[in-house]
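Reviewing the structure listed below.
The values are calculated or read from the model by the stated rules, or taken from the named source; none is laboratory data. In this text the structure is predicted, and so the values were computed from the model without any measurement. A quick note on method: Cβ atoms are made from the backbone with ideal geometry, for glycine too, and the neighbour counts reach across all protein chains shown.
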Amino acid sequence: MEEIERDVMEFDVLIVGGGPSGLSAAIRLMQLANENEQEITVCLVEKGSEIGAHILSGAILEPTALNELIPDWQEKGAPLNTPVSSEEIMFLSETGSLKTPNAFLPPAMHNEGNYIISLGNFCRWLGEQAEELGVDVYPGFTAANVLYNEDGSVKGVQTGDMGVQRDGTHGPQFEPGMELHAKQTFFAEGCRGHLGKELKERFNLEADSQTQTYGIGIKELWEVKPENHQPGLVVHTAGWPLSTDTYGGSFLYHLEDNQVAVGFVVGLDYKNPYLSPFEEFQRYKTHPKIRDTFEGARRISYGARALNEGGIQCLPKLTFPGGVMVGCEAGTLNMPKIKGTHTAMKSGMLAAEAAFEAIQSNFDVVELVEYTNRFHHSWVRTELDAARNVRPSFKWGLWLGTLYTGIDQILFRGKAPWTLKHAHADHETLLTKDQATKIDYPKPDGVLTFDKLSSVFLSSTNHEEDQPIHLTLKDDSVPVAINLAKYDGPEARFCPAGVYEYVADENKKDGSQRLQINAQNCVHCKTCDIKDPTQNINWVTPQGGDGPNYPNM
Amino acid sequence: MKILVPVKRVIDYSVKARVKSDQSGVELNNVKMSINPFDEIAVEEAIRMKEAGTASEIVVVSIGVEKSQETLRTALAMGADRAILIKAADTVDTDIEPLAVAKLLAKVTEEEAPGMVILGKQAIDNDMNATGQMLSALLGWSQVTYASKITVDGDTLNVTREVDAGLQNITAKLPAVITADLRLNEPRYVKLPNIMKAKKKPMDIKTPEDYGVDVSPRLTITSVVEPPARAAGIKVESVTELMDKLKNEAGVLS
Amino acid sequence: MSVLLIAEVLEGQLNKDSTAKALTAAVQLGDVDVLCASSGCGDAASELAALQGVAKVLCANDASYEYAIAEPMAALIVSLADKYEHIVFPATTSGKNIAPRVAALLDVMVISEVMEIKGADEFVRPIYAGNAIQTVTTADAKKVMTIRTASFDNAADGGSAAIEEIAAVACDTPVAWVSNEVQKSDRPELTSSSVIVSGGRGVGSEEDFKLIEALADKLGAAVGASRAAVDAGFAPNDQQVGQTGKIVAPQLYIAVGISGAIQHLAGMKDSKVIVAINKDEDAPIFQVADYGLVADLFDAVPEMTAALE
Ligand SMILES: Cc1cc2nc3c(=O)[nH]c(=O)nc-3n(C[C@H](O)[C@H](O)[C@H](O)COP(=O)(O)OP(=O)(O)OC[C@H]3O[C@@H](n4cnc5c(N)ncnc54)[C@H](O)[C@@H]3O)c2cc1C
Ligand SMILES: Cc1cc2nc3c(=O)[nH]c(=O)nc-3n(C[C@H](O)[C@H](O)[C@H](O)COP(=O)(O)OP(=O)(O)OC[C@H]3O[C@@H](n4cnc5c(N)ncnc54)[C@H](O)[C@@H]3O)c2cc1C
Ligand code: SF4
């Protein structure tokens, strides 16, 4: 490949990713700079076409971090419009349901004082706040590669090239990406960031932590009939349609304007290669306790995103020379609460404070260890400590896990004197096809349940077709030789966007199959990068601005 | 020569338009908005003319809500020199009709005295395909629509137009109003530093009153609904039956 | 008051199809006079006079109208406008070029791509590329509109209207026609063809795609493809129909070995008649097809081609 001349831009702090963590970091930095009348330059790049376009969450927001960051958020018009008014937790069986009396719910699961929001809209608003404060916010630009100094420290990132053709050659519209350099680079890519993955390896950040575990969350937004709408209602379920050895459950939140967000999370440590999280979600909606909400309703949007489930014991080292990790990039989500926004925001704010202090002392700090100190003395740490044993206990199955959660969270309030371990990395848990039973999912009815393609349509995802496929394979022969032969091609089922298809190989007329990758469909959930049993799939950033265009997800 | 390029802020082409349940229009809140694709082509054409030395300055103008500034900034980042926002609406749901837009553009044209105005052939929201033609009529300038190739030769334009039958070549005298078709060019990707520079380029903010133009609509929208779903037809048993139905029932085969 | 319909006549040739469809819409509004303006357009005027529903044909036979340049055409139409409440064009590129100019000269709005007439001042039209349907009423005294031809049937022959020669209106136009370039491809262009045969992944290989092409050639049709077929290399990129390909609305669309994913439907669902050939009787394409044939395409397609011999 020919050498490309790249323009360079320098900043004090560069932030990769415009989710709650990256935006909070940017805002906090500028607030401190303004308060101290110090001029600093902060740049934030976001791969989505606009801030919020790639954000998908539940979401119930616990406003703790927001109260600290922007105390007058109400006056500033933050889109927190629906306080949680009532909540239910149900264990579903195929036809029935068991409601858990609220008194038996662990304290972490109560939601008084929280708001049901669209995290996408919330991020759009945070983005406006950041821009007003003077942050250079650049949606539509990916951080494609990490750049390193000669001493091995992080120098910044290179933004993605635009106009590269499928075969790697430069098209007529080719526009080379540029180098963004900074004293500190904050990686805020969210769950399973693709640069974060590289950094964890390069700096061995997970040496003292356990293997991270993940879940996939699939979500739909509906507009329901006014008579079926109860603004502020929160419903969580566990149990059916998942078998008891699979971790997961649903959420159903009534927002404003007759909208209901409904979603389903499946732990990616599931074992059966025939399981399809998408299909499980579709089936869940048909439960007698659930389906009535959607009677006569209209589906507005669809999407999916992976989330960290590991907790504090999986938190990597947060800093390395030249950069830090904030939010779900590091894994700050509180699993029993199913909330990661407030902790992600707070981690970003803490990193910002540490970075500003370093800038102010005019001392070129290479590694921002002060961020780690602050983190471990903050309420995020306390909160995550208390939550640490819930998710791993579910390796014992739903009922024991639930029982354990009750003991751990109510009896000990999370302060049990032991820490449970996660059993395996998620890509190691699949049974082979001859050990597993096929699952026969019902056909979609096109009213309440849908197929993947008409769902993906509602994510408004798109990718310029003539570009290299961003779902890269380390070895092209592995999908057929191993994934298909051993596991019957699980990627066709765990991808919620129909990206992977095993189809007849038209070059060999012997009925053999090949893997077709429909990269255009991708909704950037990162599940394949996590669950591929051979770890052969490496998700990299496509052209900037490509991917879903979520409205208020 | 100065070139004026009007640009409209519309729903991004990759976003599925969703009709509101009260039938008042299409949901535009929290939806990704972009520069109208045909207008992006128009801006690109103007920039290429500037790069070729035919044009000296590119002024972009948008009529709409405050946020149309973003659309103008996109055009500035691509390479336009200066922008004018005519704030004619307070909410995204108010759209200004092509006739009013054309009247405003006629006033801007009088003030700016460009040698040509390049517009998109149509806005992908209301699909009226009208503004350029109306502006040309109001100004009495050459009307050149659906251009897929433009060369400037002194005060004469040689233009290839996309028409139903294929392509048509015409000549037109300057000054002219041109509307851009899809194949005129492929717009460039915006460079990050240029976005930064675009923030510093001048932008005038005006109102329709400044130009003395009445923008009240002539049309009233009584409803906006989803297109009716196509109903499944019948299954035929054989090719013979199919051919028969196509000939004798549907009348689409002779 | 009555209606003035502007016939599409280019170089003396009547585009009868689109004009006859616009006529069907126009007669719903009142008595229709048809303007036939071109050069050497006597035959065109006679053809128009023979359409049912035409009250009178106004024939302006002048070199300045030969290529329907917007400036002289609009000047002529405006000079006639006094007598008419509605001025109607077929929504062809030529009609859409002239109508807004006429409207602006009359200081009224234009209403583009009318697909249904609800009353003298209430019209239905598609917006967002057909993803939404808008009903509008107008307060303008004169209504200038273009008619979406796919939404109306042809007016029948059998009329015998009078033909009145009218004089040209002087117009000094700065625009001049130079030449036409007609596409020299063997097959019609995808977006303007009235018949399209499309193949999907079910066709199986580039070689077997010849079956699709053979049928298309027999029908004088354009060839389309699904994304899956394009990705697999059966068909070139510019034949892709759908959300990220071409949007088509022919009279007849034949989908062969295409499952009917919503992204494909987005590109062809406005076709007048849809035929689906698929061996899976549950394929979603059958939910939108007017005529569905559950069959192996390798039997059905050659049989169709043979039947057209
Ligand atoms: C289904 C589901 C339900 C949830 N429910 C809740 C809830 O109810 N309450 C709650 O508090 N939390 C909830 N969460 C968790 C919450 O959404 C996350 O904790 C939070 O979004 C993390 O914020 P973040 O900024 O770290 O990452 P993200 O929100 O993931 O943001 C990362 C951003 O970075 C961008 N990006 C990534 N890589 C690059 C790159 N290389 N270059 C440029 N840009 C890049 C992405 O496009 C994205 O915009 C839920 C999550 C899911 C998936
Ligand atoms: C952002 C985005 C944009 C997209 N844009 C487009 C687009 O522009 N155009 C497009 O087409 N798709 C598009 N798609 C892809 C779309 O979702 C489908 O994947 C694609 O249309 C499937 O093509 P297909 O029907 O040929 O293949 P399949 O879905 O594989 O269907 C093949 C069909 O052939 C039938 N078949 C097989 N063998 C035979 C036989 N011997 N005889 C009869 N029938 C047989 C099968 O029953 C099956 O129904 C897009 C997707 C996304 C996410
Ligand atoms: S390809 Fe991977 S990242 Fe994209 S939607 Fe599928 S599983 Fe998610």
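Below is a table of values for the structure above.
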{"read-out": "Condition met for A:F264 (in a strand (DSSP E or B) and out of contact with any helix residue (DSSP H, G or I) (no Cβ under 9 Å at 6 or more places or on another chain))", "value": "no"}
{"read-out": "The lone exception for B:A46 - which of (1) of a type in the set (A, V, I, L, M, F, W, C); (2) without any contact (Cβ under 8 Å) to a residue 60 or more places away in the chain; (3) under 24 Å from B:L99 (Cα atoms) it fails", "value": "(2)"}
{"read-out": "Checklist (1) crowded, with 17+ Cβ neighbours inside 10 Å; (2) more than 11 Å from ligand 3 (Cβ to nearest atom); (3) more than 14 Å from every other protein chain (Cβ to nearest Cβ) applied to A:M553, failing item", "value": "(3)"}
{"read-out": "Selected residue [crowded, with 19+ Cβ neighbours inside 10 Å, away from ligand 3 (no atom under 11 Å from the Cβ) and over 23 Å from the mean Cα position of the chain (by Cα)] from A:N462, A:N536, A:N507, A:N483", "value": "A:N483"}
{"read-out": "Qualifying residue in segment A:247-268 (condition: farther than 30 Å from A:R388 by Cα and touching an Asp or Glu at 6+ places or on another chain (Cβ under 7 Å))", "value": "yes"}
{"read-out": "Residues within segment A:180-198 that are of a type in the set (D, E) and surrounded by fewer than 24 Cβ atoms within 10 Å (Cβ to Cβ), tallied", "value": "1"}
{"read-out": "Test: residue in segment A:125-140 that is assigned to a loop (DSSP other than H, G, I, E, B) and away from chain B (no Cβ under 14 Å)", "value": "no"}
{"read-out": "Any hit, segment B:44-53, residues being outside any helix (DSSP H, G or I) and modelled with pLDDT of 95 or more", "value": "yes"}
{"read-out": "Enumeration of residues in segment A:439-476 that are in contact with a helix residue (DSSP H, G or I) (Cβ under 8 Å, 6 or more places away or on another chain) and of a type in the set (A, V, I, L, M, F, W, C)", "value": "A:I439, A:L448, A:F450, A:L453, A:V456, A:F457, A:I469, A:L471, A:L473"}
{"read-out": "Failed condition for A:A504, given (1) modelled with pLDDT under 95; (2) away from ligand 2 (no atom under 13 Å from the Cβ)", "value": "(2)"}
{"read-out": "Residue in segment A:460-493 that is nearest to ligand 2 (Cβ to nearest atom), counting only those that are within 14 Å of chain B (Cβ to nearest Cβ) and in contact with a Ser or Thr (Cβ under 7 Å, 6 or more places away or on another chain)", "value": "A:N462"}
{"read-out": "Which listed residue is within 16 Å of ligand 1 (Cβ to nearest atom), at pLDDT below 95 and more than 14 Å from every other protein chain (Cβ to nearest Cβ), from A:Y284, A:Y247", "value": "A:Y247"}
{"read-out": "Entirely in segment A:1-99, the strands (runs of 3 or more DSSP E) that have 3 or more residues that are away from chain B (no Cβ under 14 Å)", "value": "A:8-16, A:86-92, A:97-99"}
{"read-out": "Residue within segment C:200-207 that is in a strand (DSSP E or B), more than 16 Å from ligand 1 (Cβ to nearest atom) and in contact with a helix residue (DSSP H, G or I) (Cβ under 7 Å, 6 or more places away or on another chain) present", "value": "no"}
{"read-out": "A:G263 vs. criteria at pLDDT below 95, buried (at least 24 other Cβ atoms within 10 Å of the Cβ) and within 17 Å of the chain's Cα centre (by Cα)", "value": "no"}
{"read-out": "Condition check for C:V57: away from every other protein chain (no Cβ under 14 Å), assigned to a strand (DSSP E or B), farther than 16 Å from C:E164 by Cα and of a type in the set (A, V, I, L, M)", "value": "no"}
{"read-out": "Residues of segment C:184-222 satisfying the condition of being free of Cβ contacts under 8 Å to residues at least 40 places away in the same chain, more than 30 Å from B:T160 (Cα to Cα) and either within 16 Å of ligand 3 (Cβ to nearest atom) or touching an Asp or Glu at 6+ places or on another chain (Cβ under 7 Å) (or both)", "value": "C:S205"}
{"read-out": "Residue match in segment A:346-359 (condition: in a loop (DSSP other than H, G, I, E, B), more than 14 Å from chain B (Cβ to nearest Cβ) and either near ligand 1 (Cβ under 8 Å from one of its atoms) or modelled with pLDDT under 95 (or both))", "value": "no"}
{"read-out": "Helices (runs of 4 or more DSSP H) within segment C:208-309 that include 3 or more residues within 14 Å of chain B (Cβ to nearest Cβ) and within 28 Å of B:D164 (Cα to Cα)", "value": "C:209-219, C:262-265"}
{"read-out": "Lone qualifier among B:A83, B:A17 - being small (G, A, S) and within 14 Å of chain C (Cβ to nearest Cβ)", "value": "B:A17"}
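Yes/no per residue for (1) part of a strand (DSSP E or B); (2) within 12 Å of another protein chain (Cβ to nearest Cβ); (3) among the aliphatic types (A, V, I, L, M):
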| site | (1), (2), (3) |
| --- | --- |
| B:T71 | no, no, no |
| B:L104 | no, no, yes |
| B:Q122 | no, yes, no |
| B:D127 | no, yes, no |
| B:G132 | no, yes, no |
| B:Q143 | yes, yes, no |
| B:V159 | yes, yes, yes |
| B:I170 | yes, yes, yes |
